[in-house]
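Participant: One structure is given below, represented as structure tokens, and several questions about it will come after.
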Amino acid sequence: MYDGGEHTPKLLPCSHTVCLHCLSRIAAQVPASPTFRCPICRENITVPRGGVAALPPSFLVNQLLDLMASQRREVVPKCSVHITQ
């Protein structure tokens, strides 16, 4: 589940989106290498200066998450038995 913390959605150069936590684990498996493989398409990804945290955020996924959060706030559950409640 993406969030604003360690599960921040990051955009890879291959256009796939993976959370920061997963990318950190993947990159840690090959610590001496400046690259890792995308877990979806297996393309080689170069780790940027600053590590995987320096990869750009996935703006599209972030916008979708914001939209879903705002829609959840707008929906007020109502009791079907007690119409006024």
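Participant: Taking segment 63-74 as the region of interest, how many residues are polar (S, T, N, Q) and in contact (Cβ under 8 Å) with a residue 60 or more places away in the chain?
Facilitator: So the answer is 0.
Participant: Before we move on, is Cys14 of a type in the set (A, V, I, L, M, F, W, C), surrounded by 12 or more Cβ atoms within 10 Å (Cβ to Cβ) and modelled with pLDDT of 95 or more?
Facilitator: So Cys14 passes the test.
Participant: Now a separate question. Name the residue that is farthest from the chain's Cα centre (by Cα), counting only residues in segment 58-77 that are surrounded by 14 or more Cβ atoms within 10 Å (Cβ to Cβ) and of a type outside the set (Val, Ile, Thr).
Facilitator: Across segment 58-77, the extreme among qualifying residues is Leu65.
Participant: Any chance you could count how many residues in segment 35-74 are charged (D, E, K, R) and within 14 Å of Pro9 (Cβ to Cβ)?
Facilitator: Qualifying residue count, segment 35-74: 1.
Participant: So which residues in segment 1-56 are part of a loop (DSSP other than H, G, I, E, B) and either basic (Lys, Arg) or touching a residue at least 40 places away in the same chain (Cβ under 8 Å) (or both)?
Facilitator: Tyr2, Thr8, Leu12, Arg42, Arg49, Leu55, Pro56
Participant: Let me ask another. Looking at (1) surrounded by fewer than 14 Cβ atoms within 10 Å (Cβ to Cβ); (2) at pLDDT below 95; (3) under 15 Å from the mean Cα position of the chain (by Cα), which is the one condition that is false for Ala32?
Facilitator: Of everything listed in (1) surrounded by fewer than 14 Cβ atoms within 10 Å (Cβ to Cβ); (2) at pLDDT below 95; (3) under 15 Å from the mean Cα position of the chain (by Cα), Ala32 misses just condition (3).
Participant: Continuing with the same structure: Which residues, counting only those in segment 1-30, are of a type in the set (Lys, Arg) and in contact with a helix residue (DSSP H, G or I) (Cβ under 9 Å, 6 or more places away or on another chain)?
Facilitator: Passing the criteria: only Lys10.
The values are calculated or read from the model by the stated rules, or taken from the named source; none is laboratory data. Note that this is a predicted model, so its numbers are computed, not measured. Neighbour counts are summed over all protein chains in view; Cβ atoms, including those assigned to glycine, are modelled from backbone coordinates with ideal geometry.
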